[in-house]
Amino acid sequence: PSTSFFPSPSCSRSKSHFYFIALPALFKQELQNAEAEEGGTATLRCELTKPKAPVEWRKGDVTLYPGLKYEMKQQGCAAELVIYDLELDDS
């Protein structure tokens, strides 16, 4: 996979090898509040500055994983979390 690198003042050169620090992925569009009915489905979406950047979805301190309740989608710079069978605890 190709990764974009940007030279920074801290880059160094050693025997014709260059070392670069990769820029972090930032939010271009952050999550927005969504309203949905109990028992329904909600989709939360964000947009990042780097395509296919690793995304970890969390609810408080708990990491969410794909399964019957949660579906994670990522295409290009867009990442989505779909929550199925909504309950009051999902708010």
Amide H of W57 versus every other amide H placed in the peptide plane: which residues, excluding those fewer than 5 positions away on the same chain, fall under 5 Å? L64
For the range 27-83, what is the accessible area per residue in Å², given a 1.4 Å probe and the full set of protein chains? 75 Å²
Computed ³J(HN,Hα) along the range 53-65: with the Karplus parameters 6.51/-1.76/1.60, θ = phi - 60°, integer Hz and x for glycine or proline, the list is 5, x, 10, 10, 8, 9, 10, x, 8, 9, 7, 8, 10
So which aspartates and glutamates can K52 reach, going by Cα to Cα under 15 Å and dropping same-chain residues fewer than 8 places off? E80
Please get the size of the charge dipole for the range 27-83, origin at its Cα centre, with Cβ charges of +1 on Lys and Arg and -1 on Asp and Glu, quoted in debye to the nearest 20. 340 debye
For the range 37-91, which GluC sites (Glu not before Pro) are both in a DSSP coil and crowded by at most 13 other Cβ atoms within 10 Å? E37, E38, E56, E87
Residues meeting the amide H criterion for C77 (H placed from the backbone, H to H distance under 5 Å, 5 or more places apart or on another chain) are K52
Net charge of Cβ neighbours under 12 Å - reference A25; Lys, Arg +1; Asp, Glu -1: +1
From largest accessible area down, sort C77, C46; use a 1.4 Å probe on the protein chains. C77, C46
Under a crude label model (7 Å from the Cα following the beta-carbon direction), how far is D85 from E35 in nanometres? 2.6 nm
Phi-derived 3J(HN,Hα) across the range 23-28 with the Karplus relation (6.51, -1.76, 1.60, θ = phi - 60°), rounded Hz, x for Gly and Pro, is 6, x, 6, 10, 7, 7
Using 0.36 nm per residue, how much length does the chain from E56 to A25 gain when fully extended, once their Cα-Cα distance is taken away? 9.9 nm
Largest first, how would Y84, Y65 line up by accessible area (1.4 Å probe)? Y65, Y84
Kindly write out, for the range 86-91 in residue order, the coupling ³J(HN,Hα) from the Karplus curve 6.51 cos²θ - 1.76 cosθ + 1.60 (θ = phi - 60°), rounded to whole Hz, with x marking Gly and Pro. 4, 10, 4, 5, 7, 6
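The values are calculated or read from the model by the stated rules, or taken from the named source; none is laboratory data. If you're wondering where the values come from, they're calculated on a predicted model, not measured in any experiment. Backbone-built Cβ (ideal geometry, glycine too); neighbour counts: all protein chains shown. The protein model used for the area step is the full one, side chains on, heavy atoms only, and it has no ligands, DNA or RNA in it. Shrake-Rupley method; radii C 1.70, N 1.55, O 1.52, S 1.80 Å.
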